[in-house]
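Written below as structure tokens is the structure these notes are about.
Read the figures in this text as sums done on the coordinates, not as results from a lab. Given the structure is predicted, the values throughout are model-derived calculations rather than measurements. Reconstructed Cβ throughout: ideal geometry from the backbone, glycine too, with neighbour counts over all protein chains shown.
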């Protein structure tokens, strides 16, 4: 991002707006020029998503507020499916929200939300409410405001013209992205130690696989689940989770085998029926087989929120 200010223009900007403009320039000082790649920096982890801010998107709007993009990536396949239901897009992968942040009023307006599908394709753009929301300390918007809004005490500009933009968890005081990484790594380390001291403990291998799953490390999760399945080959939960990891790693054929094995063990397993139908529809483009599986699903589960989504799939692809 490049912003130029003439002497006459600068004279018309009030001190607060000028400070915002200067701060926006400083935030973008290491960002690529407009039209090039975004600069995503992790800032939070909600119950469902990992949230990042695009520091290259921070610009001063005509109204004197700062604009910024936030990116929300589901923590795992289950959370992705839940978000897909909320947004009504079965092939949802992530979404981005575009805000205008008023640092002086401590409020933000959601301008629009982009729903992103496979290969980064935008599936839809949803218009925001248009009304400003108060920024609450510790929330995602609160952490965003701490990143983009200048504060002489918390974000001093040094003599070389750089700003301290480290985001801290308000409870622990640690940098948030570092803290998330530390928590994930700690969980993995503990699980690894348990598998070394108790290599025959099924739960230890499952926990290690789950830790890798939540850390978005599919290959490592698959390997840990292999050890668990060597101890109990018919563990339905492990087969389902490993199937999701196979799909995420691009091994669709093995994902199908996992889900089919679960169904052979438990013909009424709803999770594998849903997953198997989804893979046939959106990965293998076999809608005939997908519709067959989904209709079977509805016999077992006719009224849940997932059943409503399955009905929508059938309505859309059953023609």
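Between the beta carbons of residue 230 and residue 89, assuming R0 = 51 Å, the FRET efficiency works out to 0.85 to the nearest 0.05.
As a calculated quantity, the FRET efficiency between residue 127 and residue 78 at R0 = 25 Å, using C-beta atoms, amounts to about 0.30. Residue 190 to residue 216: FRET efficiency via 1/(1 + (r/R0)^6), r the Cβ-Cβ distance, R0 22 Å, to the nearest 0.05? Computed FRET efficiency for residue 190 and residue 216: 0.75. The alpha-carbon atoms of region 179-317, seen along their principal axes, cover 50, 33, 27 angstrom, with the largest extent given first. Extension gain, residue 134 to residue 312, is 60.5 nm, computed as 0.36 nm per intervening residue step minus the present C-alpha separation.
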